[in-house]
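Each value in this text was obtained by applying a stated rule to the coordinates, not by laboratory testing. This is a predicted model, so every value here is computed, not measured. Glycine also receives a Cβ, built like all others from the backbone with ideal geometry; neighbour counts cover every protein chain displayed.
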Amino acid sequence: MAAQPGAPAPAPALRPMRRDDAPACAAIACASAIGERYGFEPAALAATLVAALDSGGELFVAELAGRVAGFAWIDPSGAFSSAPYLRLIAVDETLRGAGLGTALMDEFEARTAKVGRDWCLLVSDFNLRAQGFYEKRGYRKAGSLPDFARPGIAEILMVKKRSLPR
């Protein structure tokens, strides 16, 4: 599904996640670096995503050519009850580098632009590619949480500051 050399990549369609998207989203996350390292199970993650939807969670998908190509799960006031928090983002491994992560991050920031002062996320210490992606978007490392999600893995708190109108 890669674009022809020199041709612009098609823009993904962004829409709210539906319950029937959960298995595809879970499969994408399970195939990611974090999914593999943390041992995500597709059925369990799909159930977690459905439960999040059922409880009013904000989840949305990026669709390309009629199929789910990535998704994001956000908590608009989740970090410290005042900063938008990116809970989970995943892009189909065959489509990485095609702008889907950028589109999902743009949507996260747009949906939460009027909430708090900063955007926050956690990224695992071993996920160097994701760290670089976030840094290019203006996120900076603000701290480390050793053994936070799993023993032997540190979660890095990344924050993107933004100016607010006075």
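Side notes on the structure shown:
- Taking Cα centre as origin and charging only the Cβ of basic (Lys, Arg, +1) and acidic (Asp, Glu, -1) residues, the dipole magnitude of the stretch 97-166 rounds to 380 debye.
- In Å, descending, principal axis extents of the Cα set of the stretch 13-161: 37, 36, 31
- Residue exposure proxy: PHE80, PHE148, ordered by other Cβ atoms within 10 angstrom of their Cβ from fewest to most, comes out as PHE80, PHE148.
- Radius, Kirkwood style, for the stretch 47-101 when every pair of distinct Cα atoms is counted (Å): 12.2 Å
- DSSP finds beta bridges in the stretch 13-161, and of those with both partners inside it, around 95 percent are antiparallel.
- Note on the stretch 100-166: semi-axes of the ellipsoid equivalent to its C-alpha gyration tensor, largest first and rounded to whole Å, are 23, 14, 10.
- In a simple Cβ point-charge model (Lys, Arg +1; Asp, Glu -1; nothing else charged), the stretch 13-161 has a dipole of about 480 debye relative to its Cα centre.
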